[in-house]
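Student: Sending over a structure as structure tokens; questions will come in a sec.
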Amino acid sequence: MTIALAVTAVCATQTAYAAGPRTPRPDSLPPRLEPRALDGRGNNRAHPNWGQAGTSYVRVAPAAYGDGRDAQAGGVPPRYVSNRIFNDVGQNLFSDRRVTQWVWTWGQFMDHTFGLAEGGDERAPIAFDPADPLERFRNDLGVISFKRDSAVPGTGTSGANPRQQLNTVSSYIDGWSVYGGTRRRLEWLRTGPFDGRTANNGARLLTTAGGYLPTAAARGDSGSAPEMAAEGALAGHPQDAVVAGDVRANENIALTAVHTLFAREHNRIVDRLPRRLPAELRFQIARRIVGAEQQYVTYREFLPAVGVRLPPYGGYRPGVNPALGNEFATVGYRAHSMIHGEFELDVPADRFDGDGIDHLEAQGVDVEDEGGDELELKVPLAVAFFNPGLLPEVGLDSVAVGLASEAQYRNDEQMDDALRSVLFQIPGPVQGVTDLGALDVQRARDHGIPSYNRLRAAYGLAPKTSFRAITGESSEDASESIDDPAILDFLELRGPDGESIPFGTEEAEEGATEGTRRTTLAARLKGVYGSVDAVDAFTGMVSERHVPGTEFGELQLAMWRRQFQALRDGDRFFYAGDRALDAIARRYGVSYRHSLAELIALNTDVDAGELPADVFRLEGAPAE
């Protein structure tokens, strides 16, 4: 999931988007099809800037800066925290509720739909101590790169006017990641000439002959293509980046796959509409349905899968501000421990000849041929990052099915080594460390997010008075030093039914859901922080014992409930109250009511029988 499955903490950020398109003439659209502004403007008629791109994140808790105004708060060095708390030493633990990798993938796609802080140029590198006894990685750069997000102009001048941050995208679930927030980006993405005149745009989105996203060079001049973030090896070949509504579409092949799926879905809807309709009308109908489909999947499948239950929908509430909360975006939606260190895909053997297999292996993909009709591919996360050309090589179908075929990692304090080490590979012999857990801790300090207990209080939760109370463990005492690598040793692994799993077995690699370590998490938290009131918000949140029937502890669950209820109730175009959607269904026979499994089947060659009805849960997952 930024969830922030996203990997928002380390990708390029951008300046605020410009205003949305002009409203088409009333006679060009059905009476009830008022189009959304691209940037979210005017959704709330009384407060037209609520949720608009380029406005401040809102706060639930008072800002907590080191100087009361804008300086980052001090605390335990983030890499020191990461080495002792987030370090999984290569042992994976999976969701005991058997949710699939579609959870973190969809979570990141949503993160890139409603949140992206405006990046800044102020360097504030995170210390890296190669002499730390628990350090396991080489870092030729000496530090972990970090830049502070920009301040909203005019803020950060006093305790009464603390530093604030800008959300550069619309806060609504409105298809932003498909269409973007400016007329220029959208014109480039739509078929037809790219000449600054939107009146001659086609109804369809630009795709390749195989149905994949266009690269920056697709129109012949990559320099005129909209900005796309490009890290790792892609940074040297920006013309190979695919172009989509959101700048982060190239981050990994799972994310690129969802972008591709919805570009195809837009075009599928357009093709189902009568050709006698004007191109602009067909485009707006498809855009409206795509946004509703994303909301439908989010509220009907994604949130229930992770155990987030909201009060029944009572209709649009104009007094609810849907703007993204700073605490939610910076702490609550970061579920990076869910992200796998590799993708496992089954691909038809006849898809590749010898050269094709050689090309995959040269990139670092492990290809296993057991002599059947399929090849098993294991794609390391570092290979999948900023490598958009890999998706058409392995196929959207294989990625979509693969994400639904394996349980995702447990949402807890442990992060895969791929996220704590070489997240984005640097071309050449130099090796650097990018630690997503450390970045999560530092980003909260950058944004003035208060400590764990103060954040609990802001969300109406009682403070924790001991480390045991945070983790639910029986002990917070340790016989070993906090600087002894042995504290991280796993002593026992267990499966979803509590059964013991032997070390070194395939089940230990793919089925363990719990593990007992030599030193409890509570004891390690105590050794790192000393006092419960000193615990960072992010660290405390991910260390909490899960609320039964959910993937979250109390604090994270409260943050998700509050934000997703606001995104629902404060959106005038939310699907459950949008009568225009029913009118479209009656008039044109096109509906938004599709599960994600159905959307995959409609836009790929995947048969419905190859997928579970709910792709967010493995077959046999416990019913809610």
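The values are calculated or read from the model by the stated rules, or taken from the named source; none is laboratory data. These numbers were taken from a predicted model, which means no experiment stands behind them. Please note: Cβ atoms are built from the backbone with ideal geometry, for glycine as well, and neighbour counts cover all protein chains shown. The accessibility values were calculated without ligands, DNA or RNA, using every heavy atom of the protein model including side chains. Shrake-Rupley method; radii C 1.70, N 1.55, O 1.52, S 1.80 Å.
Student: Find the accessible area per residue for region 359-429; the probe is 1.4 Å, ligands and nucleic acids are left out, and the unit is Å². All intermediate terms of the calculation are to be shown ahead of the outcome.
Tutor: On the way: 2510 Å² over 71 residues.
Dividing the accessible area of region 359-429 by its residue count gives 35 Å².
Student: Cα to Cα, under 17 Å, and not fewer than 8 places away if on the same chain: which aspartates and glutamates meet these conditions relative to LYS147?
Tutor: ASP70, GLU118, ASP121, GLU122, GLU231, ASP435, ASP440, ASP446
Student: In terms of Cα to Cα distance under 21 Å, which lysines are near enough to LYS464, apart from those fewer than 8 places away along the same chain?
Tutor: LYS526
Student: Another question, if that's okay. Count the net charge of all other residues whose Cβ sits under 14 Å from the Cβ of GLU598, scoring Lys and Arg as +1 and Asp and Glu as -1. Spell out each step's value before the answer.
Tutor: Values: positive: ARG264, ARG268, ARG300, ARG593; negative: GLU265, GLU293, GLU301, ASP607, GLU610, ASP614.
Summing Lys and Arg as +1 and Asp and Glu as -1 gives -2.
Student: Students often check this: by mean Cβ neighbours within 10 Å, which of 432-438, 265-271, 138-144 ranks highest, and how do the rest follow? Please list the in-between numbers first.
Tutor: Values: 432-438: 25.0, 265-271: 20.7, 138-144: 14.9.
Peptide ranking by packing, descending: 432-438, 265-271, 138-144.
Student: With no solvent and one equal point scatterer per Cα, compute the Debye intensity ratio I(q)/I(0) for the chain at 0.06, 0.08, 0.09, 0.10 Å⁻¹ and report its log10, rounded to two decimals.
Tutor: Rounded to two decimals, the profile gives -0.30, -0.54, -0.70, -0.88.
Student: Just reorder GLU393, GLU293 by solvent-accessible area, largest first, 1.4 Å probe, all chains present.
Tutor: Details: GLU393 45, GLU293 0 Å².
Accessible-area ranking of GLU393, GLU293, largest first: GLU393, GLU293.
Student: Does region 420-564 classify as rounded, prolate or oblate by the C-alpha gyration tensor (a ≥ b ≥ c root eigenvalues; a/c under 1.5 gives rounded; else a/b over b/c gives prolate, otherwise oblate)?
Tutor: Numbers: a/c = 1.43, a/b = 1.12, b/c = 1.27.
Taking the square roots of the gyration eigenvalues as a ≥ b ≥ c, region 420-564 is rounded.
Student: What order, most packed first, do the peptides 477-484, 553-560 have when packing is the mean number of other Cβ atoms within 10 Å of each residue? Intermediate results must be reported in sequence, preceding the final value.
Tutor: Details: 477-484: 14.1, 553-560: 23.0.
Averaged packing, sorted descending, gives the order 553-560, 477-484.
Student: Could I ask something else about it? Give me the accessible area per residue for region 186-245, probe 1.4 Å, as a whole number in Å².
Tutor: Working: 2540 Å² over 60 residues.
Counting only protein heavy atoms, the per-residue value for region 186-245 is 42 Å².
Student: Moving on. Once you order the gyration tensor axes a ≥ b ≥ c over the Cα atoms, which shape class does region 172-211 get: rounded for a/c under 1.5, otherwise prolate or oblate by comparing a/b with b/c? Let's see the in-between values first.
Tutor: Numbers: a/c = 2.34, a/b = 1.14, b/c = 2.05.
Oblate shape, in that a/c is at least 1.5 and b/c is the bigger or equal ratio.
Student: Where the accessible area of the chain is counted over protein heavy atoms with a 1.4 Å probe, how much of it, in %, is carbon and sulfur?
Tutor: Working: 11060 of 23030 Å².
About 48 percent, which is the carbon plus sulfur part of the accessible surface.
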